[in-house]
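Rule-based calculations on the coordinates, nothing more; no lab input. The model shown is predicted, which means the values in this text are computed figures rather than measured ones. Cβ atoms come from the backbone with ideal geometry, glycine included; neighbour counts cover every protein chain shown.
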Amino acid sequence: MTTSPSAPSLPAAGPAGTAPADHGGLRIALRAPARGIPLEGAWHPRSRDLRREGADLVDHFPVEVGRVGRLLFSRPDWDAEPGVRSAHQIRAARGPVKVGSFPRDDTHLMVVKLSQDRALRLLVVPSDVDEERGRRILEQAASSDNTLSADELLALD
């Protein structure tokens with residue numbers, strides 16, 4: 001599922017930005033960055049596997065928005081392998097991408113740093129959230145009038 005953006009400068013994943021058909025497409029909704037807003041959109045990954053989902057985000061991020069240069073993530077959103085350090089790099093089809101984490105943080109955020117020296121703050125909708133509720137959260141996060149934080153959006157029914 002792809003949600004339409006609120007501004008033409010940040011299109012959601014389209015024909016050039018979708019995952020393979022068997023995957024169902026990248027579930028992302030974006031809006032134009034603006035001063036003072038908590039989020040530029042939301043992303044609803046299909047699992048808690050950062051390496052797999054991060055690579056999918058990088059490879060299918062809307063090309064019209066920019067090229068992903070780095071990802072910063074909230075550790076509690078992702079499964080960690082016992083005894084294995086947090087990922088510092090993921091292998092996407094287009095090549096390796098650096099990743100880093102916010103230590104001891106549970107903000108449900110993914111900061112997508114773009115090659116144009118821009119950063120987008122995306123709410124990470126937990127993968128176990130059903131499709132319909134996830135769609136509503138994506139739409140609200142990308143709404144031009146949204147002022148809710150990630151936690152506030154996830155608390156909505």
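Using amide H atoms built in the peptide plane, which far-off residues or other-chain residues are under 5 Å from LEU109 H to H?
Long-range HN contacts for LEU109: SER74, VAL124.
Kindly write out, for segment 37-46 in residue order, the coupling ³J(HN,Hα) from the Karplus curve 6.51 cos²θ - 1.76 cosθ + 1.60 (θ = phi - 60°), rounded to whole Hz, with x marking Gly and Pro.
8, x, 9, 9, x, 8, 9, 10, x, 8
Arrange ILE90, ILE37, ILE137, ILE28 by Cβ neighbour counts within 10 Å, fewest through most, would you?
Least crowded to most crowded, the residues run ILE37, ILE90, ILE137, ILE28.
What residues qualify as long-range amide H neighbours of ALA119, i.e. H under 5 Å apart, gap of 5 or more or another chain, H built at 1.01 Å from N?
Result for ALA119 returns LEU114.
Label points 7 Å out from Cα along the Cβ direction at ASP130 and SER47: separation in nm?
2.4
Please sort by residue number the GluC sites (Glu not before Pro) in segment 22-79 whose DSSP state is loop and whose Cβ has at most 16 other Cβ atoms within 10 Å.
In loop regions of segment 22-79 (DSSP not H, G, I, E or B), the sparsely surrounded GluC sites (Glu not before Pro) are GLU64.
With a cut-off of at most 13 other beta carbons within 10 Å, and DSSP calling the residue loop, which trypsin sites (Lys or Arg not before Pro) in segment 24-70 qualify? Please list them.
ARG35, ARG67
Counting only residues 5 or more places away or on other chains, whose amide H sits under 5 Å from the amide H of GLY100 once H atoms are built in the peptide plane?
Placed amide hydrogens put LEU71, LEU72, PHE73 under 5 Å from GLY100.
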